[in-house]
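Please read the structure below before turning to the comments.
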Amino acid sequence: MTEAPLLLDIRNLRKSFVHGDKTIEVLNNLNLEVAQGEMCAVVGASGAGKSTFLNVVGTLDAPTSGTILFGGEDITRFSAKKLAAFRNRTIGFVFQFHYLLPEFTALENVMMPGLIQGVGSRELEASARAVLDEVGLSHRVTHKPGELSGGEQQRVALARALVLRPSLLLADEPTGNLDHVTAQGIHELFFEMNRRYNTTMLLVTHNPSLAERMPRMLRLDGGAVHDSRSADLTPDTSDTSDSPDSPDSPDSP
Ligand SMILES: Nc1ncnc2c1ncn2[C@@H]1O[C@H](COP(=O)(O)OP(=O)(O)O)[C@@H](O)[C@H]1O
Ligand SMILES: [Mg+2]
């Protein structure tokens, strides 16, 4: 990971939550460098702080202390307004649940980040159609989320995350709610988007086969990240949804 320029340089990152009379230290002096174009799996036990880490890197939540240099700029010093524009333009998010707006079509959902950004509607519609085509949904653009299968909904969410061609894609158990075959199809899309656009990715997963395929695996443990290859990827009991027998498998044959 040395030739490509750094996208992320995270230094002494801490995040704690005050809960009642207790302080929970979730991220504790976390240091990490990620080069542009790197694909990293983020693994770790339930409660290790994976979602907290993604939220802080994604600027959805502020760190307690520490710096996050993004392309050399310390984004922890940005004003709320600057941060919102930066986040919308530069970072794509995919969560376990798609959070699509139910009253809008797939196309309109994918156009949403661009509308917020003020991208011209003709250009935006063309980008949205192109990215929906890339995720294999050009035949579903006028469908609303309720008229799509679980896998298709997640493809729309991925298209929405990618429509502005973010330099960083953050995904938090993006296929945790899908059956094995459907999940596999989405995983292929992550690799394809990385190849095509050199999108840097941090992808939280409990899926051992996906984590093994990722060029880099980061293990969150004790509030810090460790580069890891021999990870114990035993899924949480609370998160069995990466298993082939997921109850919610609208796409399964
Ligand atoms: N808003 C919050 N307030 C208090 N505690 C929190 C909050 N968010 C997360 N936590 C705690 O931080 C720890 C890490 O949570 P999380 O990042 O969701 O873990 P993971 O995604 O690895 O399962 C957990 O112990 C959780 O209870
Ligand atoms: Mg989590």
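The values are calculated or read from the model by the stated rules, or taken from the named source; none is laboratory data. Note that this is a predicted model, so its numbers are computed, not measured. Don't worry about glycine lacking a Cβ; one is built from the backbone with ideal geometry, like all the others, and counts go over all protein chains shown.
THR67 satisfies every condition listed in (1) within 16 Å of ligand 2 (Cβ to nearest atom); (2) surrounded by fewer than 17 Cβ atoms within 10 Å (Cβ to Cβ) except (1). When THR142 is tested against (1) β-branched (Val, Ile, Thr); (2) under 30 Å from ARG14 (Cβ atoms); (3) out of contact with any Gly (no Cβ under 8 Å at 6 or more places or on another chain), only condition (2) is not met.
Residues in the range 161-173 that are within 16 Å of ligand 2 (Cβ to nearest atom) and in a strand (DSSP E or B): LEU170, ALA171, ASP172.
Which of the residues belonging to the range 67-82 are touching a helix residue (DSSP H, G or I) at 6+ places or on another chain (Cβ under 7 Å) and in contact (Cβ under 8 Å) with a residue 24 or more places away in the chain? Within the range 67-82, THR67, ILE68 meet the criteria. Somewhere in the range 22-38, is a residue within 19 Å of MET217 (Cα to Cα) and among the basic types (Lys, Arg)? Within the range 22-38, none of the residues are within 19 Å of MET217 (Cα to Cα) and among the basic types (Lys, Arg). Across the range 95-108, a minimum of one residue is classified as over 21 Å from the mean Cα position of the chain (by Cα) and buried (at least 18 other Cβ atoms within 10 Å of the Cβ). You will find that of PHE53, PHE17, the residue that is farther than 17 Å from MET217 by Cβ and within 16 Å of ligand 2 (Cβ to nearest atom) is PHE17 and no other. Here HIS143 clears all of (1) surrounded by fewer than 19 Cβ atoms within 10 Å (Cβ to Cβ); (2) without any contact (Cβ under 8 Å) to a residue 40 or more places away in the chain; (3) assigned to a helix (DSSP H, G or I) except the condition numbered (3). Restricting attention to the range 49-91, the residues that are over 20 Å from VAL225 (Cβ atoms) and either among the polar types (S, T, N, Q) or in contact with a Gly (Cβ under 6 Å, 6 or more places away or on another chain) (or both) total 3. The listed residues are ASP172, ASP179, ASP239, and the only one of them that is at pLDDT below 95, touching a Ser or Thr at 6+ places or on another chain (Cβ under 8 Å) and within 16 Å of ligand 1 (Cβ to nearest atom) turns out to be ASP239.
The single residue among GLY37, GLY47 that is modelled with pLDDT of 95 or more, surrounded by fewer than 20 Cβ atoms within 10 Å (Cβ to Cβ), within 24 Å of GLY176 (Cα to Cα) and within 16 Å of ligand 2 (Cβ to nearest atom) turns out to be GLY47.
Restricting ALA159, ALA231 to residues that are in contact with a strand residue (DSSP E or B) (Cβ under 8 Å, 6 or more places away or on another chain) and either of a type in the set (Gly, Ala, Ser) or modelled with pLDDT of 95 or more (or both) narrows the list to ALA231.
On the stretch given as the range 46-64, residues that are small (Gly, Ala, Ser), in contact (Cβ under 8 Å) with a residue 60 or more places away in the chain and near ligand 1 (Cβ under 7 Å from one of its atoms) total 4. Just one of (1) in a loop (DSSP other than H, G, I, E, B); (2) touching a residue at least 60 places away in the same chain (Cβ under 8 Å) fails for LEU158. It is (1).
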